[in-house]
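To start, the structure under review is shown below, and the notes come after it.
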Amino acid sequence: MKYLDIKPEVKEALEQGKAVVALESTIIAHGMPYPKNVETALAVEDVIRANGAVPATIAIIDGVIKVGLTPEEIEYLGTAKGVLKVSRRDFPVVMAKKMDGATTVAGTMMAAAMAGIKVFVTGGIGGVHRGAGESHDISADLEELKQTNVCVVCAGVKSILDIPGTLEYLETKGVPVVTCGGDDFPAFYSRSSGIPAELREDDPQEIAAMIKAKDEMGLGGGVLVACPVPEEDEIPFEKMDGVIKEALKECEEQGIKGKRITPFLLSKVKDLTEGASLEANIKLVLHNAEVGAKIACGLAK
Ligand code: PSU
Ligand code: MN
């Protein structure tokens, strides 16, 4: 496919049935300030390699989906202006107009599936927004998890969203949700969202076995693995609560709508916590990378 360019190292690993882990680029272009964004992206790739898998960071450059970026391309994305946030509905225009794009969870899942990558590591996914009953604001990430066969490893869902609503939606769509390393479904910065996990499995090999069983049954769609942030890096739920209420209030006051809502809330939270959230964010992604690489190795066996 002329829109897909798989880096030689990644292509070779896939052909040989080796473990490959996809990584997203929204976190580089929109999620963290320079130079932490580039440093983190490279450090995450190192963790994937140290755990026996090949990293494939995914983004769109000049209207081509790059599966596996060079360090120079990561640096470019981390500094370039005007990089679009690309979810499923944005691909056609970005390809046709040969634009640059950072892929969301939904966008990265699509690209990973096209390349034949089964595991994808990120920080947090989008979900059902608070007040979605009125606004119908439900992230395309959830629909993608329903239809695209990729395992997404994250640190749960930020409480800028309606977390119970997000879990209900995933259940309705038939998406298996596994918590790895804690009794409760995690809330990104905080180890617990207050909602007990329906399914806890701490062994990445067992998670790989579930994914294999799902594939052997011919069930489509993804799997969501949620790993609580390491204890020493967490920001307690109560502490984040005030920050998130403030961010939601400003979002409403400023009349932010559509695809701009999530980036607005994320950057507000970052400002209000004065950098503490950034450190937690980096640590949780590195942790997810370790779990994701182990699952990918389990699948490659
Ligand atoms: N939530 C986070 N961090 C993120 C995102 C969400 O905690 O970086 C980004 C991801 O790229 C996700 C996207 O796929 O936001 C969801 O945006 P929306 O709500 O507009 O679908
Ligand atoms: Mn939305």
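Evaluating kT/(6 pi eta Rh) at 10 °C and 1.306 mPa s, with the Kirkwood radius of segment 186-268 over Cα pairs in the Stokes-Einstein relation, gives 101 µm² s⁻¹.
The per residue volume of the convex hull around the alpha-carbon atoms of the chain is 122 Å³.
Between Ser135 and Glu72, the simple spin-label model (points 7 angstrom out along Cα→Cβ) gives 4.2 nm.
Rounded to the nearest 20, the Cβ-based charge dipole of the chain about its Cα centre (Lys and Arg +1, Asp and Glu -1) stands at 1000 debye.
Taking the protein heavy atoms of the chain in the context of the full set of protein chains, the accessible area attributed to carbon and sulfur is 53 percent at 1.4 Å. The simple spin-label model puts a point 7 Å past each Cα toward its Cβ; for Lys257 and Asp203 those points are separated by 5.2 nm. As a ratio to 2.2 N^0.38 Å, the alpha-carbon radius of gyration for segment 1-151 is 1.01. Span-like helix check, the chain: qualifying full DSSP H segments, with Cα axial length of 27 Å or more and mean Kyte-Doolittle of 0.0 or more, are 276-300.
If only the Cβ of Lys and Arg carry +1 and only the Cβ of Asp and Glu carry -1, the dipole of segment 115-209 around its Cα centre is close to 220 debye.
Protein heavy-atom accessible surface, 1.4 Å probe, per residue over segment 178-301: 48 Å².
Taking the DSSP beta bridges with both ends in the chain, the antiparallel portion is around 30 percent. With the crude spin-label approximation of a point 7 Å out along Cα→Cβ, what separation in nm comes out for Lys98 versus Glu279? With each label placed 7 Å out from Cα toward Cβ, I get 4.5 nm. Ratio of Rg to Rh for segment 86-169: 0.99 [Cα atoms; Kirkwood radius as inverse mean 1/r over pairs]. The residues of segment 24-141 expose on average 38 square angstrom of accessible surface per residue, using a 1.4 Å probe on protein heavy atoms.
You can think of it this way: the chain between Gln147 and Glu231 has 26.9 nm of extra reach, that is 0.36 nm per residue less the Cα-Cα gap.
Charge dipole (Cα centre; +1 on Lys/Arg Cβ, -1 on Asp/Glu Cβ; no other charges) of segment 1-155 amounts to roughly 260 debye. Here Lys249 is the anchor, and the lysines within straight C-alpha reach of less than 26 Å, apart from those fewer than 8 places off in the same chain, are Lys85, Lys158, Lys239, Lys257, Lys259, Lys268, Lys270.
The values are calculated or read from the model by the stated rules, or taken from the named source; none is laboratory data. Because the structure is a prediction, the values reported are computed rather than measured. As a convention, Cβ positions derive from the backbone with ideal geometry for all residues, glycine included, and neighbour counts pool all protein chains shown. Protein only, heavy atoms only, side chains kept; ligands, DNA and RNA dropped before computing areas. Shrake-Rupley method; radii C 1.70, N 1.55, O 1.52, S 1.80 Å.
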